Each structure stands twice: as structure tokens, then as C-alpha cells.
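Read through the structure below, which is laid out as C-alpha cells, and then see the notes.
Read the figures in this text as sums done on the coordinates, not as results from a lab. A quick note: this is a predicted structure, and the numbers were derived from the prediction, not measured. Backbone-built Cβ (ideal geometry, glycine too); neighbour counts: all protein chains shown.
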């Protein structure tokens, strides 16, 4: 039976740390080797996706499902979102100047135009979506099949795997488990001693 | 191309490349799953390799079965 040290850890802190920096939750509950592996592997997976797909890998407007999964990587996802938002801010301003709409109007039309439930034939929606897509292609950041599947898949799977790690760190913290369990073949020798 | 360009512009991939990109993703899933599930760290790498092989062989078997059905189904 593995012996684990009991020490009080704050579950909320474990949750926040595990989300914000992948692996930090395991460092907090005294499992630094696992924390280091999680930190490297989740980070490498997310940034492989970003390297393949570029700045639009994290895309709040066009792929909400993947976006939610990517946000589970904490700081990685937040930084990706920040870069995507900065790009879209520039693009929306350019499209607003071309279409004589306000920037807010462009954003509202683009969000409505790219939503999956949209079946409107409003020409303004089509114009705004077309102009935004054209501007993204002009800047060389638009993704095509199958790049978008690979990029968003990598970044999204990194997020889902970090969600597993968050739950694990949270459960260890709730159970008051701190540190690595001892190897099972050494435990009987200690008991005998 | 500099490093910031790499993370800014998208790359062009073929459908065949997409299939091969599944292999490192299977490895990543194996590493994270076994890292949080295993009790003894000294057995970690063998367990990762075992699970990785299991997933890849399973996917390959399903792929071959699907190809056989599509090719030879009357």
C-alpha cells in the first residue's frame, strides 16, 4: 500500500495554479516530476498547434468549441487569444472603413454571420464576412483545410488534457494527498524494519 | 522565416500530413494520461510506450478494417 504524506493544501489554489500554468498544480501538491512533464508536454502540444495554424489557431469568432478547449491551457490559451484579438481589432477597423459601418457594427455582423445557426440572407452580413475573410487572406493568416483541423486539434487537445491534469491536482488537494507515493516493493521492507 | 512568423502565419499541409500528425498526438495523450494515472514513476516510460503502441495499433486496425469494408463491400 503506497504511503503518502498528509498535508493540507488549498484546493482552490491547486485549481487556479493547474489551470493558469499547466503542471503547476502538481508542483503545488508535491509532485514536481509529474508537474514538469505536464508543463513541457502541454506547452509543446499547444505551441505546435500555433506553429502549424498561426495566429488564428485560437479563434473566438470562427471555432467556439475549440476555443473553449484551448482556454483550458491557461496562460498559453490566454496569450493566443490576446494575439488573435489584436489581429481582429486591426482587421475590423479596416473593414469598417471600407463598408462605412461602425467597428461595433462590423463585429456584430461578423459574429452573426459566422454563427453556426445563421441562415440569414442579409447582404450586409455576407459583405462583412467576405471582407473580413479577404483581409485575413491578404495578411496570409487565413487557414485552409487541413491546416485548421491539425492546428486547432493540437491546441484543443492540449487544453482537454490539461483539464484532466486540473481535475487530478484538484482531487489530490481535496484528499489532502501531498508528495509522491512510495514504490510498492519498498513498502513491505519498511514495515518489516 | 523568423520565429515570430512561424507562430503568426499558417502553414500549408496536405491531407496525408494530417494523418501523420495523429501519431505525435497519440504520444501526447499517452504521456499525459499515464503521468497522472501511474503510481510509480520508474514504470512511467514503459507504460507510456505500451499505451502509445496500443492506441496506434488500434487506430491502424480500425483504419484497415474501414478500408477493407469500403474496398470489398459488395
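Things worth noting here:
- Here the residues A:87, B:41, ranked from fewest to most Cβ neighbours within 10 Å of their Cβ, fall in the order B:41, A:87.
- Among A:126-133, B:61-68, A:166-173, B:33-40, the order from most to least packed when residues are scored by Cβ within 10 Å on average: A:166-173, A:126-133, B:33-40, B:61-68
- Relative contact order of chain A, defined on C-alpha pairs under 8 angstrom at six or more residues apart (%): 42
- Tilt relative to chain A, helix A:32-53 - C-alpha long axis, 0 to 90 degrees, to 10: 20
- Summarising the overall dimensions of the range A:1-91 from its C-alpha atoms, the Rg and Dmax are 16.1, 60 angstrom.
- In plain terms, the residue of B:9, A:76 with the fewest other Cβ atoms within 10 Å comes first and the most crowded comes last, giving B:9, A:76.
- Take the convex hull of the alpha carbons in the protein assembly as shown; its mean projected area over all directions comes to 20.1 nm².
- Each helix, a run of at least 4 DSSP H residues, gives -39500 (n - 2.57); summed and divided by the residues of chain A, these come to -22500 deg cm²/dmol at 222 nm.
- Cα extents of chain B along the three principal axes, largest first (Å): 51, 39, 13
- Cα-Cα pairs of the range A:99-169 separated by more than 20 Å (percent): 52
- Fewest-first sequence of A:111, A:50 by Cβ atoms within 10 Å of each Cβ: A:111, A:50
- Translational diffusion coefficient (Stokes-Einstein; Kirkwood radius from C-alpha pairs) of the range A:40-193 at 4 °C, 1.567 mPa s, in µm²/s: 72
- Kirkwood Rh (inverse of mean 1/r, distinct Cα pairs), the range A:71-114, angstrom: 11.4
- In this structure, residue B:50 and residue B:18 have a Cβ-Cβ separation that, at R0 = 30 Å, corresponds to a calculated FRET efficiency of about 0.70.
- Shielding score for B:9-22, defined as the mean number of other chain Cβ atoms within 10 Å: 6
- Against chain A, whose longest principal axis is taken from its Cα atoms, helix A:11-20 shows a tilt of about 50°.
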